[in-house]
Amino acid sequence: MARGQQEQHRDRREEPEFIERLVGINRVAKVVKGGRRFGFAALVIVGDGKGRVGYGHGKAKEVPEAIKKATDHAKRKMIRVPLREGRTLHHDVHGKDGAGKVFLRSAPPGKGIIAGGPMRAVFEALGIQDIVAKAIGSNNPYSMVNATFAALKNTQSPRHVATRRNKRVSEIVSNREVQEIAGIVETDE
């Protein structure tokens, strides 16, 4: 292999493949003496599809430059979210940012992503396959994304809960399964 090909191959291997979702582009105007100067603001979601996700905001005079800035910002602000079986959340959670509130519920296999707009982009980039989400209040993309990330930051894995309570993971998971079964029994009666 030539030297350039080796460098390209090494770069591809070091940089994991990210899923990028453009949530929104706004045209913003600055009024100056001669008239208006237009710029663009982009909101981008970036994830690896395996439990890491981030969002970024970028502003520039041109759209591609704003998207690149937002993508770079999102890659720097990535968070890890514990997933149950690699497809859904471990438990139900809610998040709030300003007037935007979101409720995220774990779902059984095959349910799919039931969420709207910006939340769907977050879940696709995160790698969640089954979830039910509801946004209440503001439908501003920035508020919805911030509220979704606030909710995702509150999720905890059974391992984390078990270490905090000085219990075994099996005790935590068995309690959850008993509660799920009890919930099913109550609905059948």
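Worth a mention:
- 11 Å cut-off, amide nitrogen to a point 7 angstrom out along GLU62 Cα→Cβ, residues in the stretch 20-45: none
- By the count of neighbouring beta-carbon atoms within 10 Å, fewest first, GLU124, GLU171 end up ordered GLU171, GLU124.
- Remark on ILE131: its backbone amide H falls under 5 Å from those of GLY112, ILE113, ILE114, a criterion applied only to residues 5 or more positions apart or on other chains, H modelled at 1.01 Å from N.
- Panel order for PHE149, PHE123, by other beta carbons found within 10 Å of each beta carbon, from fewest to most: PHE149, PHE123.
- Among the listed pairs LYS68/LYS134; LYS30/LYS59; LYS75/LYS153, those beyond 20 Å (Cα-Cα): LYS68/LYS134
- Given R0 = 22 Å, the distance between the Cβ atoms of ARG76 and ILE25 translates into a calculated FRET efficiency of 0.60.
- Shape of the stretch 84-188, Cα gyration tensor, a/c cut at 1.5: prolate
Each reported figure results from applying straightforward, stated rules to the coordinates on display, with no laboratory input. All values reported here derive from a predicted model rather than from experimental measurement. Reconstructed Cβ throughout: ideal geometry from the backbone, glycine too, with neighbour counts over all protein chains shown.
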